[in-house]
Amino acid sequence: MIAINDLQKTYDTGSITVEALRGLSFNINKGEFVAIMGASGSGKSTLMNLLGLLDVASAGTYILNQTEVSALEEKDFARIRNKEIGFVFQTFNLLPHLTALHNVELPMMYAGVKLAARRERATLLLERMGLIDRMHHYPNELSGGQNQRVAIARSLANNPAIILADEPTGALDSHTSLEVMDIFQQLNLDGTTIIVVTHEENIAQHAGRILRLSDGLLIMDDIVQEPLDAGQALSSLRKEAGSI
Amino acid sequence: MNIRELMVVALASIRSSKLRSFLTTLGIVIGIAAVISVVAIGQGGKAMLMQELEKFGTNLFVVYVNYQEGETSRPSDLQVSDITLIKNVVPEVKYMAPVCYTQMKLRGSQGQKTVQLLGTSADLVHVNNLEIAQGRFLNEEDESAGRQVIVIQEDTAKELFGSEKPLGQRVVIGSTSSMVVGVLKQDTSVLNDNSRQSAYITMSLMRNMTGWTYIHQIYGSATSKEAVDTAMERTKSILERRHNAPGHYEARSMEQEMQSANKILGIVGLVIGLIAGISLLVGGIGVMNIMLVSVTERTREIGIRMALGARRQDILIQFLFESIVLCLMGGIIGTILGYGGAYVVAKIAHWPPLVSWWTIVIAFLFSAGVGLFFGLYPANQAARLKPIEALRRE
Ligand SMILES: Nc1ncnc2c1ncn2[C@@H]1O[C@H](COP(=O)(O)OP(=O)(O)OP(=O)(O)O)[C@@H](O)[C@H]1O
Ligand SMILES: [Mg+2]
């Protein structure tokens, strides 16, 4: 599904050039759950932006679904971002003057989905995220965890094959982080490829594979033998809370 | 995105900063209001003017002598006999009346009044569409029998005779005295200076009073609007031949008068349109300025939309649409204000404000056009943003 070979990214900021990625090569197959880890400044976000076609590489190849990305045009990028990829950001990136429902509808609007169909799907997605009673609220009326669930619902709007999440739990407490990972694990069970950037080892342990970056290079590519089950952790937490 | 969705997005954004949106569009509001009010007043005035001119009859034409400089003997002077001849040989002429003017003081039983005294003939009542209130107008026999009769206007009658019945009363002009045979309805036209009254006597009486052996002007009425030009031309050529004075006669038709009035109104309209255009230009620059600010402020929003799959053209259209809607709202408010202003002015000036539907259509199209033109650059700036750079902007 994703094949990367010697991918490089150099930021040219006039006075200095920063080599953020210095030749990365790896493949990610359909249905994988991958965590990307590394120190701050190691190039994780840079890599995610390239994978999500928000930015273009300086050198190397990126093949997405058998298509060499550098051969595509801007409008193809827009289409792929719209249909094939769902983004989840650390700071949610919801539009503040739109309600949860309308935020979730946005990708479908750009996909040309008719209003009625779009409303129905957005409602369904919010329901799945447990936000049915909050769908007419604006982002500033929701908690961080709720906002992130709206953002996840939005990323799922056009039923993408890949979810790219850059530190999705970075702004959340541990319990809400578990909830988000639970959602990702369930989506992954349904076949969605998930790539999550995180700082936290215990978050990364929910994935099936961990890529570790250092200074723009891939230094480790590990399979997680027994990934943590966020759903189980949550229910046992709930039990604990109930027993007290 | 379809129009409805674009509309919703644009309105949401405009609503999110109401005061700023209003201030932004104020230039457009003022520009459009100025255009609409001026056009409304202008069109109303024009309609009124045309209506009044038409009252005189669109078939009307006037012939007069174009006296040459240093001319001593005046062989070209118009004669009553010219009219008799022209009426006989020019089929396009339906009515034709001679006119001589002078200022005279009229004295009646109750008072006196200085009027413009016209020496003329029976035809004038048709040529000028005069309306009789009482009695009759001058006729052929008054002229041939040399009757001392006069036709006056209602207001004059009141001044001269108070509440007495004017018909049959005597009016003293200098040393002569004439009998009132007719009273004309007071002309309420705005074009008429109502402080100046007219009174009508026969040509022969006029000649006796003043000693004039010629007439000042000939008023003619053609058989139809289309025949006016022929009637004028033929009248002129007969006069030129008869008096052996080529180039000595001028003729103007009501049609020509209307056209020149129209032309002046057109120029006035053009000047005002120019001023309005400048104000719209200034308004448009204001809109562009705010749209640029808006694009900068909403860079992150643009980035998010792009990450969610908005194409460059979606962003372009979104901002263009917003700019157009903003200007169109200004146009609508401006139209309402402009019409209101025109209504007030018209109420005071006593003529109806008139806004044709196409003026409103043009005003709307124009404000939308301003929005389109001045929104293009900011919208393009927005659409050209790189997704990742837009997303990273705070
Ligand atoms: N737009 C940019 N211009 C210049 N340098 C940049 C830009 N974006 C990132 N960098 C540099 O590239 C390197 C990698 O940045 P990146 O954001 O990918 O790190 P990260 O691994 O996501 O870090 P963090 O964990 O702190 O988010 C850093 O040295 C950073 O300073
Ligand atoms: Mg980062």
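When both bridge partners sit in the protein assembly as shown, DSSP labels roughly 65% of those beta bridges antiparallel. Per-residue SASA remark: B:LYS347, around 130 Å² accessible (1.4 Å probe; ligands, DNA and RNA not included).
If you bin all the Cα-Cα distances of region A:1-68 at 5 Å, starting from zero, the percentages per bin are 4, 15, 27, 28, 16, 7, 3, 1, 0. Over all other residues within a Cβ to Cβ distance under 15 Å of B:PHE61, the charged ones net out to -4, with Lys and Arg as +1 and Asp and Glu as -1. Does region B:92-136 come out rounded, prolate or oblate by the C-alpha gyration tensor, with a ≥ b ≥ c the root eigenvalues, rounded set by a/c under 1.5 and, if not, prolate when a/b is larger than b/c and oblate if not? Here region B:92-136 falls in the oblate category. In whole angstrom, region B:19-62 maps to an equivalent ellipsoid with semi-axes of 41, 6, 4, each derived as √(5λ) from the alpha carbon gyration tensor and ordered largest first. With contributions of -39500 (n - 2.57) from each DSSP H run of at least four residues, the per-residue ellipticity at 222 nm computed over the protein assembly as shown stands at -16500 deg cm²/dmol. Each Cα pair under 8 Å and six or more residues apart adds its sequence gap; the mean of these over the residue count of region B:67-247 is a relative contact order of 31 percent.
Phi angles across region A:21-28 convert, under the Karplus curve 6.51 cos²θ - 1.76 cosθ + 1.60 with θ = phi - 60°, into 3J(HN,Hα) values of 10, 10, x, 9, 9, 6, 10, 10 Hz, Gly and Pro given as x. Helix B:357-383 axis versus longest C-alpha principal axis of chain B: approximately 30°, rounded to the nearest ten.
Using R0 = 25 Å, the C-beta based FRET efficiency linking A:SER40 and B:VAL293 works out to 0.15. For the pair B and A, the buried accessible area comes to roughly 2000 Å² in total, with a 1.4 Å probe and the value rounded to the nearest 100. P(r) for the protein assembly as shown, from all Cα pairs and a bin width of 10 Å, is 3, 12, 15, 13, 9, 8, 7, 7, 7, 7, 6, 4, 1, 0 %, short bins first. For a distance above 21 Å, tell me the whole-number percent of Cα pairs in region B:111-238 that qualify. When every Cα pair of region B:111-238 is considered, 44 percent fall beyond 21 Å. Taking amide H atoms as placed 1.01 Å from N in the peptide plane, the amide H of A:GLY60 lies under 5 Å from those of A:GLN8, each 5 or more residues away in sequence or on another chain. Alpha-carbon geometry of chain A: the Rg and the Dmax are 18.2, 61 Å, given in that order.
The apolar share of the surface of chain A, taken as the fraction of accessible area on carbon and sulfur atoms (1.4 Å probe, ligands and nucleic acids excluded), comes to 51 percent. In order along region A:56-62, the Karplus-derived 3J(HN,Hα) couplings, from 6.51 cos²θ - 1.76 cosθ + 1.60 at θ = phi - 60°, round to 10, 6, 7, 7, x, 10, 9 Hz, and Gly and Pro are given as x. For region B:1-55, the solvent-accessible area of protein heavy atoms averages 49 Å² per residue (probe radius 1.4 Å; ligands and nucleic acids excluded). Amide H to amide H distances under 5 Å link B:SER17 with no residue, where only residues 5 or more positions off or on other chains count and H is placed in the peptide plane.
The residues of region B:67-247 expose, per residue, 49 Å² of accessible area to a 1.4 Å probe. Using θ = phi - 60° in the Karplus curve 6.51 cos²θ - 1.76 cosθ + 1.60, the 3J(HN,Hα) couplings for region B:304-317 round to 4, 4, 5, 4, 8, x, 5, 7, 4, 5, 5, 5, 4, 5 Hz; x is entered for Gly and Pro. A cut-off of 5 Å between modelled amide H atoms, ignoring neighbours fewer than 5 places along the same chain, links A:SER214 with A:ILE219. Averaging the sequence gap over all C-alpha pairs within less than 8 Å and six or more residues apart, then dividing by the number of residues, gives chain A a relative contact order of 27 percent. Average the reciprocal distances over every distinct pair of alpha-carbons in region B:251-366, invert the result, and give the Kirkwood radius in Å. Computed over Cα pairs of region B:251-366, the Kirkwood hydrodynamic radius comes out at 17.9 Å. Answer rounded, prolate or oblate for region A:121-171, using the Cα gyration tensor with square roots of eigenvalues a ≥ b ≥ c: rounded when a/c is under 1.5, else prolate when a/b is larger than b/c, else oblate. Oblate shape, in that a/c is at least 1.5 and b/c is the bigger or equal ratio. Over all projection directions, the Cα-based convex hull of chain B averages an area of 27.8 nm².
The values are calculated or read from the model by the stated rules, or taken from the named source; none is laboratory data. Every value quoted in this text rests on a predicted model; they were computed, and no experiment measured them. FYI the Cβ positions are ideal-geometry reconstructions off the backbone, even for glycines, and counts take in every protein chain you see. With ligands, DNA and RNA removed, areas are computed over all heavy atoms of the protein, side chains included. Shrake-Rupley method; radii C 1.70, N 1.55, O 1.52, S 1.80 Å.
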